[in-house]
1. Fewest to most neighbouring Cβ within 10 Å: what's the order for 180, 26?
2. I need the calculated FRET efficiency for the pair residue 355 and residue 250, taking r as the beta carbon distance and R₀ as 45 Å, to the nearest 0.05.
3. How many nm is it between the label spots at residue 587 and residue 552, if each spot is 7 Å from the Cα in line with the beta carbon?
4. Taking the alpha-carbon centroid of each part, what is the distance from region 251-268 to region 144-198 in angstrom?
5. Based on the mean of other beta carbon atoms within 10 Å per residue, what is the order of 66-72, 523-529, most packed first?
6. Using alpha-carbon pairs under 8 Å, 6+ residues apart, how would you state the relative contact order of region 443-523 in percent?
7. If each of residue 362 and residue 74 carries a label point 7 Å out from its Cα toward its Cβ, how far apart are those two points in nm?
8. Going 7 Å from the Cα of residue 617 in the Cα-to-Cβ direction, what parts of region 581-595 have a backbone nitrogen less than 20 Å from that spot?
């Protein structure tokens, strides 16, 4: 096997910052000229790193702007120990086993680099850098010009003189790092962009590396995560809140953002290499879509319902689905209350008349909510909160639900839907979108309501027979309605809307905006991404609507393996037998099942053979398996 050698730059690569820039801040602390000098030094640094000026000229110019003392250099080294790049810190335990093949080659200075490198655990004798010259009082007066790194083209000379046999890989952020590859002394130049992106160097790179994880993955070396975050692709549809974009990007994921929904065929084309899909209510995630997604890890529903997602297909393919069951509850409830007030006061007709220039001042058909009976069909999160607000406004509240629920306040449960309809002045539907709820409210149910009652649907469009509602309004049986959801809705704001309810008296039609408030969208835009990120980072499925729920902290001193399988007997025994056979020490193991799936998280010692992973994947009931970190 060929020997491997890794050459790492120091400034803005191993360290987050440029050492001399920080030295300037230390030396100039309290000086009135600080801002001006710092900007001059930054400009000189950038010109040197981009290859616009000779490096030695750049170095001399920067040092002339300073009068640094040995104590300043010592202070700089201490400060730089806290400025090691995040992904180098994250992978420290995986890099140190390679310490004998890791060289730090820098145009910076050994005086502050060596203390940082040795603090990290790398070898001081493999640091190649410049050295300061000091006067008798300890002030920096220059640098050793005999060291090749003090001039342009110095790095290739150092690598040439090292006479390294085998494969050489260079990790750096500047043109002078690329020069090693250009001179023929390296197999690849990785442009490290975690701290800075130098556009002029980008075209010269063999590989753009946003972090060390990416480089170790590409070199097939052990690393802190099984799959570099910069390779995780996110597709967000339907204009989800920008907070979601920011959260995913802050994790290092690649994000594609669209304001519209996609059809099944369009989504099948776009989703092949997507890892995370974010949707709202209009995009349908069908079995065909799931099977077209070869790398899908998770689907985020940026809404309450998940009926637009084939949960069975997701489960059978190991795709975790998360939604936001509480985030827009208040918004929907407030709209329902507002619409009740408007309909009880006959405001839709009065407002329309005013716009036609008609002054119809009258208290006829105008009533308060206080003392009226509200019937809530579906006493989940929204229905329960609606009951609290309605009761606070003086209403008498009843509810009907097929599931046994704890009544809040003075709300009373009705044993049958007929009982609720017969006594309610206002009926508001808040059921979910499961298929069995389709067309459950039609001509029969409207006939059972009080004459002159009010009707609201802010749940799902297919729950209500629109033609039956139209007939009830026109006959006067129902004297007003508010509908926010429809059996068929436009995909975007450019498509026309059509409904049999258009133009009816005392009727409020809204474009599925029950949860569309800024507060709700902010809540959802944060809640769903955080659930998905937690799942990817720790394996926690808490809040998933389709996978067994497990909530676990990160475990930093082990590898974590995730195994999703069909819920059949003997899977855990097979997993443990494979562990015993491969002499693996299990540090933690967690199993949770539901009706169809089993989910196992296993924390093991870091030392293992790749054959172990293949054996775990080959267990017959396995649906999906991955190494988390």
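1. The most exposed by this proxy come first: 26, 180.
2. Efficiency at R0 = 45 Å is approximately 0.45.
3. 1.1 nm
4. Measuring centre to centre over Cα atoms gives 39 Å.
5. Put in order of decreasing packing, that is 523-529, 66-72.
6. For region 443-523, the relative contact order is 31 percent.
7. With each label placed 7 Å out from Cα toward Cβ, I get 9.4 nm.
8. 581-584
Values quoted throughout were computed directly from the atomic coordinates according to the rules given, and no laboratory measurement underlies them. Treat the numbers as computed from the prediction; the structure is a model and nothing was measured. Cβ sites come from the backbone with ideal geometry, for glycine too, and all protein chains shown count toward neighbours.
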